[in-house]
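The values are calculated or read from the model by the stated rules, or taken from the named source; none is laboratory data. Computed from a predicted structure; not experimentally measured. Glycine also receives a Cβ, built like all others from the backbone with ideal geometry; neighbour counts cover every protein chain displayed. The protein model used for the area step is the full one, side chains on, heavy atoms only, and it has no ligands, DNA or RNA in it. Shrake-Rupley method; radii C 1.70, N 1.55, O 1.52, S 1.80 Å.
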Amino acid sequence: MNARGTGIVAVYPGSFDPLTNGHLDLIARGSRLVDRLIVAVLNNEAKQPLFSVEERVAMLEEVVGSYPNVEIGSFAGLTVEYASQRGANVIFRGIRAISDYEYELQMALMNRRLQPGIETAFLLAGEAYSFISSRLVKQVASLGGNISGLVPPLVEARLKQHFEQVRLKNAHTARSG
Ligand code: PNS
């Protein structure tokens, strides 16, 4: 199915720290429903992300940059304001399990109160991705576990590189301490 010509512009906001195969699956599904899909990386240093906004945007661009109707952006502040500025009328969010629903419902209702013209649509990622989260992927990678198949190869390489640097730095500190 390809829904070009619907006039629907969607924003898919998130931390994407880092992008997982679950996000990727959602982007592929979402992009087939709308004219334009803007994947929007939240710029919130207070969350102490592993990767900078620029790094997260660059990884997304490399992985989904070839999708014809997908753009990557970043924003600070309210999602609904960013969505309005970009001319979007829909916000996509993914739901993996019922445990996600409560938080997502609160956000969706708050966003509707802030901007009644923008609808939130929940998409379901493939069942194979229902247990993947950026948080768990980072934890497993930091402990040297196998994350292949959970994130795109580029992200896997970047995570390995990051935690290898951390290990080298810690080893150096322990030696010189
Ligand atoms: O990937 P995440 O961390 O679950 O994404 C959460 C995100 C970015 C969608 C949410 O934190 C958000 O929308 N932040 C922007 C601030 C905002 O609009 N808050 C009001 C919504 S309740």
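Structure above, values below:
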read-out	value
Residues satisfying the stated conditions in region 160-177, i.e. open to solvent by less than 50 Å² (accessible area, probe 1.4 Å) and among the aliphatic types (A, V, I, L, M)	A171
Selection from region 137-156 of residues that are closer than 22 Å to A28 by Cα and hydrophobic (A, V, I, L, M, F, W, C)	V137, I147, L150, V151, L154, V155
Test: A88 is within 16 Å of the ligand (Cβ to nearest atom) and touching a residue at least 24 places away in the same chain (Cβ under 8 Å)	yes
Helices (runs of 4 or more DSSP H) contained entirely in region 2-116, each with at least 2 residues that are over 30 Å from A157 (Cα atoms) and open to solvent by less than 10 Å² (accessible area, probe 1.4 Å)	79-85
Residue match in region 62-72 (condition: without any contact (Cβ under 8 Å) to a residue 40 or more places away in the chain, closer than 16 Å to L26 by Cβ and away from the ligand (no atom under 11 Å from the Cβ))	yes
Members of region 125-159 found to be over 15 Å from T20 (Cβ atoms) and either open to solvent by 80 Å² or more (accessible area, probe 1.4 Å) or within 17 Å of the chain's Cα centre (by Cα) (or both), listed by number	L143
For R113: the one exception among (1) over 18 Å from the mean Cα position of the chain (by Cα); (2) more than 14 Å from the ligand (Cβ to nearest atom)	(2)
